[in-house]
1. At R0 = 41 Å, how high is the FRET efficiency between Ser229 and Leu329 if r is their beta carbon distance? Nearest 0.05 is fine.
2. Quick one: compute the contact order of the chain, relative version, from alpha carbon pairs under 8 angstrom and 6+ residues apart, as a percent.
3. For Lys161, Lys393, Lys73, give me the order by solvent-accessible area with a 1.4 Å probe, most accessible first, ignoring ligands, DNA and RNA.
4. If r is the Cβ-Cβ distance from Asn99 to Leu131 and R0 is 45 Å, what FRET efficiency results, to the nearest 0.05?
5. Could you rank Glu186, Glu271, Glu352, Glu383 by how accessible they are, 1.4 Å probe, largest area first?
6. Are there any helices in the chain, counted as whole DSSP H runs, that stretch 18 Å or more along their axis by Cα and score at least 0.0 on average by Kyte-Doolittle, and if so which?
7. What is the dipole size for the chain, taken about its Cα centre, with +1 at each Lys and Arg Cβ and -1 at each Asp and Glu Cβ, in debye to the nearest 20?
8. Just to confirm a number: summing +1 for Lys and Arg and -1 for Asp and Glu over residues other than Val98 whose beta-carbon lies under 14 angstrom from that of Val98, what do you get?
Amino acid sequence: MRSPAADAPAEESTASDKVERTPLPPSPRPEAPPGPASPKRTWPDRLRRGARWAAWQTLGFALSVLGGWLAHKAGLPLPWLLGALGVTALLAAFGRTVNVVGVRSYALVLLGLGLGQSFSPAILLSIAQVLPLIAASSVLTIIAGLVAARVYIRMVGLDPKTAFFCGVPGGVVLMAVYAQRAGVSESHVTLAQTIRLMMVVVIYPLLIATALPHELAVDGWTEAATATSLPVLVMWCLAGLGAAHVGRTLGLPNPWMLAPCVLAIALASSESLPAHLPAVLIITAQVVLGASLGTRMTPDFIRSAGPLLLASIVSTLLLSGLLIALGALVSLWGGLPMAATLLGMAPGGMPEMAVTAHAMGASVPLVLGFHLVRVVLSNLLIEPIWRAAHALKLI
């Protein structure tokens, strides 16, 4: 039998263990020396920053207008768009962008109304008579994208499906939408289509002005505009904006231009058009469109393009040459104005090519007819054409 005394050391030991095992409170960490306090932006500071930003944007847009005016005085084709593009591209290369994203949609509304107003009943009937030829030409234009796609595969190493959507003509916005729907790289498609569009809006006006000056402004397909009172003009612009919002809700491709354009075509072809847009609004829209293209040429954009830049240049030259040859054949076969047919089959976007036609005096309705049909057929046929081309090992 053990005595209590014998147990005492054990109890003491246990007690001491308990004391030793009791966790000590954490020692306070040394506080870091206080850094410089970030200055709080007061309302006056924010107002000053906003005023500087607004002043720069106003100056940048004024320089874009000046660039368009100088190009106009120099007699360049498509002067207001190309002049604004050149100025904003130069500014963007030095890190000073002119932000016209917020007003580009409104410029497209003006373009849609202004371009759609040239559809008289006689012109609409003439287009309807050659609609099968226009549809066949649009299909050929889409298929011609296979030539450009091969360039992207060989020079950049893109997968065939991404290369196909980079190569098919259709405009930046529409092809980016189709690429997203098809599950391919939207960034590659956007870069390739943007570079091509910039080249096309330079190549085609110079080519047509040089080779076909006798056709411009005298092809008999262009309607002259008449004067309109200011209140009616304002109401007409608001109606175009409302149509654009409806088109956006319905999911139309490029609703800001397409929906107002369809509205103007419907009313103009029934001889019930309420107003004609004056030239100054069309010119302003062209400047905005040119600035929106040029301002993308930032150093980051050029660096991100990489090998895609050279491939886009080569593919654009090949595709343009092929489509110019096809356009000439279509023009001769169907008895259509050569300049308008070339612009209608050009590998550029609908707004840019229609503006080119308007600025150069070519047939706006015919060019729009080609591109409207291409938009519809692209939406229906671009995936089947891809599957057929891939199955036949064309790409």
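1. Working: r = 46 Å, r/R0 = 1.12.
Result of the calculation: an efficiency of 0.35.
2. Values: 572 pairs, mean separation 111.2, N = 395.
Reported relative contact order: 28 percent.
3. Details: Lys161 50, Lys393 170, Lys73 135 Å².
Correct descending sequence by accessible area is Lys393, Lys73, Lys161.
4. 0.65
5. On the way: Glu186 80, Glu271 150, Glu352 5, Glu383 50 Å².
From most accessible down to least: Glu271, Glu186, Glu383, Glu352.
6. Details: long enough: 4-21 (25 Å, -1.01); 43-73 (44 Å, -0.17); 79-93 (21 Å, 1.76); 101-116 (23 Å, 1.58); 131-156 (37 Å, 1.78); 186-211 (36 Å, 1.32); 230-250 (30 Å, 1.40); 255-269 (20 Å, 1.79); 279-294 (22 Å, 2.04); 307-334 (40 Å, 2.04); 364-391 (38 Å, 1.19).
Long hydrophobic helices here: 79-93, 101-116, 131-156, 186-211, 230-250, 255-269, 279-294, 307-334, 364-391.
7. On the way: 24 positive and 16 negative charges, 94 e Å.
The calculation lands at about 460 debye.
8. Values: positive: Arg96, Arg104, Arg296; negative: none.
That sum, taken over residues with Cβ under 14 Å, equals +3.
The values are calculated or read from the model by the stated rules, or taken from the named source; none is laboratory data. Since this is a predicted model, take the numbers as computed values, not measurements. Don't worry about glycine lacking a Cβ; one is built from the backbone with ideal geometry, like all the others, and counts go over all protein chains shown. Accessible surface areas use protein heavy atoms only, side chains included; no ligands, DNA or RNA. Shrake-Rupley method; radii C 1.70, N 1.55, O 1.52, S 1.80 Å.
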